[in-house]
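I have placed the structure first, in the form of structure tokens, so that the comments after it can refer back to it.
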């Protein structure tokens, strides 16, 4: 029976998952260097294993509210077709092995309103939205500015 591994994280008391093949690493939040006049969802740049990574506030992207950093806050570094980014989340909880039949595709109407959610996992007591990092980053306004800033910056 086929399954899919998901990195499960929490934002605003909701659970989300990202396919483990998109995840480079999960990091504690280090020093983030702010960039002037960038979008509100962009916290700045952080050096992760020698590479500059834009830090994106997932709570701000999903709910238009800034994240409150705590000891549980984690940076999920993902590789997209555009660039590597760090998704700032309230808590990276676990890696979950999900059976393919537990994953439901979204209908067309739901996909149009949330193009970065590729499906839902329906478990006994949990409902987990699966986020496609390529669509998430691609849906952000001015994402090309972030890419340019990363390429131009030296920290």
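Here, each number is a calculation from the coordinates, and none is a lab measurement. If you're wondering where the values come from, they're calculated on a predicted model, not measured in any experiment. Positions of Cβ are backbone-derived with ideal geometry, glycine not excepted, and every protein chain shown enters the neighbour counts.
Please determine, by comparing only the residues of the stretch 38-49 that are touching a strand residue (DSSP E or B) at 6+ places or on another chain (Cβ under 7 Å), assigned to a strand (DSSP E or B) and touching a residue at least 24 places away in the same chain (Cβ under 8 Å), which one is nearest to residue 24 (Cα to Cα). Outline the logic, then answer.
Narrowing the stretch 38-49 to residues touching a strand residue (DSSP E or B) at 6+ places or on another chain (Cβ under 7 Å): 41-46, 48.
Cutting the leftovers down to assigned to a strand (DSSP E or B) gives us 42-46, 48.
The next check asks that each one be touching a residue at least 24 places away in the same chain (Cβ under 8 Å); those that pass are 42-43, 45-46, 48.
On the way: 42: 19, 43: 19, 45: 17, 46: 15, 48: 11 Å.
So, considering only residues that are touching a strand residue (DSSP E or B) at 6+ places or on another chain (Cβ under 7 Å), assigned to a strand (DSSP E or B) and touching a residue at least 24 places away in the same chain (Cβ under 8 Å), the one nearest to residue 24 (Cα to Cα) is 48.
Considering 35, 56, 52, which residue is outside any loop (DSSP other than H, G, I, E, B), more than 14 Å from residue 88 (Cβ to Cβ) and touching a helix residue (DSSP H, G or I) at 6+ places or on another chain (Cβ under 8 Å)? Don't jump to the end; show me each part of the working.
Numbers: 35 fails: outside any loop (DSSP other than H, G, I, E, B); 56 fails: more than 14 Å from residue 88 (Cβ to Cβ).
Matching residue, one of 35, 56, 52: 52.
Residues that are outside any strand (DSSP E or B) and at positive phi: does the stretch 6-15 have at least one? Can you show your working first?
Filtering the stretch 6-15 down to residues outside any strand (DSSP E or B) leaves 12-13.
Next, from what is left, pick out any that are at positive phi: 12-13.
So far as the stretch 6-15 goes, yes, one or more of its residues are outside any strand (DSSP E or B) and at positive phi.
Please state which of the following conditions residue 57 fails to meet, knowing it meets all the rest: (1) without any contact (Cβ under 8 Å) to a residue 40 or more places away in the chain; (2) surrounded by fewer than 15 Cβ atoms within 10 Å (Cβ to Cβ); (3) under 20 Å from residue 33 (Cα atoms).
Just one mismatch for residue 57, condition (2).
Tell me which of these residue 27 doesn't satisfy, since it passes every other one: (1) surrounded by 21 or more Cβ atoms within 10 Å (Cβ to Cβ); (2) part of a strand (DSSP E or B).
Evaluating residue 27 over (1) surrounded by 21 or more Cβ atoms within 10 Å (Cβ to Cβ); (2) part of a strand (DSSP E or B) leaves (1) as the failure.
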